[in-house]
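Before any comments, here is the structure.
The values are calculated or read from the model by the stated rules, or taken from the named source; none is laboratory data. Note that this is a predicted model, so its numbers are computed, not measured. Virtual Cβ from ideal backbone geometry, glycine too; neighbours counted across all protein chains shown. Ligands, DNA and RNA are stripped out before the accessible areas are found, and what is left, the full protein with its side chains, is counted by its heavy atoms. Shrake-Rupley method; radii C 1.70, N 1.55, O 1.52, S 1.80 Å.
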Amino acid sequence: MSKKLKLTALSTSRSLRSNQRINGVTFSKESPYFDRQDDNPSKADHVKNDNSMEIQNKTDEEIVSETINESRKSKSKRVTKKRNVSLKIEYEELNKVEQKDESNKEVFMTKIDKEKDEKLQVENTSGWMPSNWKRILENIQEMRKYKTAPVDEMGCHKCPDPNANDSIFRYQCLLALMLSSQTKDQVTHAAMKRLISYGCIPSIIIATPNDVLVKLIQPVGFANRKAEYIKRTSVILVDKYNSDIPKTIKELCDLPGVGPKMAHICMQIAWGEVSGIGVDTHVHRICNRLNWVKKSTKTPEETRKELEEWLPKDLWNEINYLLVGFGQEICLPRFPKCKECLNKDICPFAKKK
């Protein structure tokens with residue numbers, strides 16, 4: 001039907017252009033159908049007419065396709081709007097979660113602080129602490145920061161052969177500690193170097209005659225007795241510990257010539273475990289001078305027990321090292337250098353002088 005209408009319109013248009021007479025009527029070149037009251041039609045009319053012509057020329061398939069596309073666009077707009085809303089809600093919920101996490105974090109940190117305080121209270125069983133001990137310790141750390149004391153270069157931790165295997169390294173740590181009793185670090189270090197050159201392993205030490213062993217370790221204090229202790233200890237290590245050393249304080253202290261001070265330091269430098277504070281003559285002397293004990297102590301073992309009652313455990317591994325070097329350079333057994341000490345204004349011993 002649409003094709004027939006188009007053909008009719010085409011023939012009519014040709015009749016009009018040729019000015020032919022149809023049924024006795026002469027048609028002008030232009031049809032009255034196109035007459036306008038306004039000779040200059042508006043832009044809106046042109047747009048309207050163009051749209052009408054476009055719609056007439058479009059097929060059904062094109063119209064359906066456009067309808068589907070418009071439907072999809074409108075649907076996409078609606079979905080996008082919903083997504084914006086959901087994102088907003090999700091953002092708000094995220095803020096709530098973050099606020100909740102911050103609240104939980106504060107509660108958690110408060111709990112940790114309480115546990116830490118409780119732990120410190122448990123560690124400090126006596127409840128007593130010396131006055132100004134933190135400030136005194138900080139000053140000692142400042143004086144020891146350049147590591148110029150003999151213990152820094154020739155202490156027992158510097159004596160073993162760094163190229164030895166683990167068990168031999170631990171064995172040499174133990175021997176260095178046994179030799180260090182009432183002996184300067186320089187003398188102990190030199191004796192260990194001679195032993196390592198000779199062959200410092202349990203089997204060789206056991207086979208070495210006593211007089212030869214004594215000559216190797218001299219001039220350490222009590223060389224004869226220490227040579228005997230070293231040989232007896234080496235036999236026990238071979239028979240009972242497969243040429244290694246024990247890993248507990250009790251078993252170490254059961255060895256000939258090994259005391260609590262040696263055992264605690266050996267656990268630290270040989271096994272890397274902090275089992276207690278190693279208290280030698282330097283630590284014993286300085287703790288009494290600083291009033292770091294509730295009452296004066298007569299032996300290093302008494303000082304160790306007093307010190308472990310109040311000193312925080314995270315300082316146990318360094319206190320011996322700090323105080324030994326401090327005692328070798330500043331707080332000497334005789335004629336201490338109080339004028340050079342940063343603690344001269346707060347040290348009880350300096351005030352007495």
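Classify segment 151-271 as rounded, prolate or oblate, taking a ≥ b ≥ c as the square roots of the eigenvalues of its Cα gyration tensor: rounded when a/c is under 1.5, otherwise prolate if a/b is larger than b/c and oblate if not. In terms of gyration-tensor shape, rounded.
Close amide-amide hydrogen proximity is noted between GLY276 and no other residue 5 or more places distant or on a separate chain, at a cut-off under 5 Å (H modeled in the peptide plane; Pro and chain starts excluded). Computed from the C-beta positions of LYS240 and GLN141, the FRET efficiency with R₀ = 56 Å rounds to 0.85.
Annotation: LYS184 carries an accessible surface of approximately 150 Å², with a 1.4 Å probe and no ligand, DNA or RNA atoms counted. At an R0 of 30 angstrom, the distance between the Cβ atoms of ARG225 and ASP161 translates into a FRET efficiency of 0.75.
Of the listed pairs LYS250/LYS305; LYS158/LYS231; LYS250/LYS295; LYS145/LYS298; LYS158/LYS247; LYS134/LYS351, which have alpha-carbon separations greater than 24 Å here?
Among LYS250/LYS305; LYS158/LYS231; LYS250/LYS295; LYS145/LYS298; LYS158/LYS247; LYS134/LYS351, the Cα-Cα distance tops 24 Å for LYS250/LYS295; LYS145/LYS298.
Counting every Cα pair in segment 191-325, what percent are over 17 Å apart?
Tail of P(r) above 17 Å: 65 percent of Cα pairs.
This model, with +1 at the C-beta of Lys and Arg and -1 at the C-beta of Asp and Glu, gives segment 151-271 a dipole about its Cα centre of some 220 debye.
Between SER197 and TRP271, residue separation times 0.36 nm minus the direct Cα-Cα distance comes to 24.2 nm.
Figure note: PHE326, PHE169, PHE335 ranked by solvent-accessible area, largest first, 1.4 Å probe, ligands and nucleic acids not counted: PHE335, PHE169, PHE326.
Between ILE346 and LEU332, the modelled label-to-label distance comes to 2.6 nm, taking each label 7 Å out from Cα in the direction of the beta carbon. Would you mind checking segment 132-147 for residues with the amide N under 17 Å from a putative spin-label position 7 Å along Cα→C-beta of LEU315? Counting backbone N atoms under 17 Å from the label point, the list is 132-145. Ligands, DNA and RNA left out, the accessible area of segment 151-271 computed with a 1.4 Å probe is 52% carbon and sulfur.
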